[in-house]
1. Which one of these does ALA259 not meet: (1) within 21 Å of the chain's Cα centre (by Cα); (2) surrounded by 17 or more Cβ atoms within 10 Å (Cβ to Cβ); (3) of a type outside the set (Ser, Thr, Tyr); (4) farther than 21 Å from ASP35 by Cβ?
2. Answer yes if at least one residue in region 149-165 is aliphatic (A, V, I, L, M), open to solvent by less than 20 Å² (accessible area, probe 1.4 Å) and within 26 Å of ARG70 (Cα to Cα), and no otherwise.
3. Cβ-Cβ below 9 Å, separation at least six or inter-chain, first residue in region 260-277 and in contact (Cβ under 8 Å) with a residue 24 or more places away in the chain, second outside any helix (DSSP H, G or I) and loosely packed, with under 15 Cβ neighbours inside 10 Å: which pairs?
4. What number of residues within region 114-148 satisfy the criterion of being surrounded by fewer than 18 Cβ atoms within 10 Å (Cβ to Cβ), of a type in the set (Gly, Ala, Ser) and either in contact with a helix residue (DSSP H, G or I) (Cβ under 8 Å, 6 or more places away or on another chain) or more than 17 Å from PRO164 (Cβ to Cβ) (or both)?
5. Considering region 129-154 alone, what residues qualify as being under 14 Å from ALA89 (Cβ atoms) and of a type outside the set (Lys, Arg)?
6. What is the one condition in (1) in a strand (DSSP E or B); (2) polar (S, T, N, Q); (3) open to solvent by 20 Å² or more (accessible area, probe 1.4 Å) that SER75 does not satisfy?
7. Just to be sure, is VAL83 at pLDDT 95 or above, open to solvent by 30 Å² or more (accessible area, probe 1.4 Å) and of a type in the set (Val, Ile, Thr)?
8. Being acidic (Asp, Glu) and more than 29 Å from PRO8 (Cβ to Cβ) is the requirement here; does GLU183 meet it?
Amino acid sequence: MGPLLAVPNVSEGRDAAAVAAIGAAYAAGGARLLDTHDDPDHHRAVHTLAGAPGALAGAVLAGAREAVARIDLTSERGIHPHVGALDVAPIVHLDDERRGAACAEALVLAELLAEALGLPVFLYGALARGRTRASLRRGGARALAERIAGGELAPDFGPRRLHPTAGATLVAARPPLVAFNVEIAGTLADARRVAAAIRESGAEGLPGVRALGLELARQGGRAQVSTNVEDHRAVPLAAVLAAVVRQVPVTGCELVGLAPAAAFDGWPEDVPVRNRRTVEQALES
């Protein structure tokens, strides 16, 4: 059996020293750090890790401890939806053979985060009967705290209250997800309109695609359609690009983290993608 991946997202994208320290903690805990992506507008960093089943959860815990020490959710945290310092921590299986190992590793991780750091942990995806990240993050940390206090929600692991500075963490076991951003020639209103059209529930109806329209204030107010592609074989990134282009001109594309090589099937090679790098390339390097 090959390695598992973990793709922890932390709510820090402006303090380079903090992002580097969190990444170093993952590595010191025993993971191989494949990639780091940070964004000051989203105020978010995404680390991609590889590790053996039975060892990866402990490595993520080591980085989580550093994140809890360095990130305070009571300060401004950017435009990306979030509920925690270590906001999401999925364990990723690259094939069906590793699905069971990923599920077991994710459950171990959830228990470690709760017991060692006092974080309330919510499961999502297949481990929670399909419950989505978006449903848990709707309204942010304050809304989540109110839902816990009102008895609407209870963490799957840990205390029935948010950590005072680190919030909550969402944990899953899943196949690869591709985070892909498209900058457009338009306004924030245009970006929101396009996002509504291309997401799974929209007029374009791209299956398994989640999308938000955002404004990048630190990049001159550029408008961005930020997407998560949950099944890159059903919807390769070329299909996402084409759907956006049908709505509005595109000025740039960006990959967040790593993507399987198959995600770029049919990609027009005359369209550059910032940070383009595949999982396969990272594991082989």
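1. Only one criterion is unmet by ALA259, namely (4).
2. No, every residue in region 149-165 fails to be aliphatic (A, V, I, L, M), open to solvent by less than 20 Å² (accessible area, probe 1.4 Å) and within 26 Å of ARG70 (Cα to Cα).
3. Partner pairs satisfying both residue conditions: PRO260/ARG233; ALA262/ARG233; ALA263/ARG233; ASP265/ARG233.
4. 7
5. Result: LEU136, single match.
6. (1)
7. Values: at pLDDT 95 or above: yes; open to solvent by 30 Å² or more (accessible area, probe 1.4 Å): no; of a type in the set (Val, Ile, Thr): yes.
No, not satisfied.
8. Values: acidic (Asp, Glu): yes; more than 29 Å from PRO8 (Cβ to Cβ): no.
Against the criterion (acidic (Asp, Glu) and more than 29 Å from PRO8 (Cβ to Cβ)), GLU183 does not qualify.
The values are calculated or read from the model by the stated rules, or taken from the named source; none is laboratory data. For clarity, every value in this text was computed on a predicted model and none was experimentally measured. When we count neighbours, we look across all protein chains shown, and the Cβ atoms used for this are built from the backbone with ideal geometry, even at glycine. Accessible surface is based on the protein model in full, side chains and every heavy atom, while ligands, DNA and RNA are left aside. Shrake-Rupley method; radii C 1.70, N 1.55, O 1.52, S 1.80 Å.
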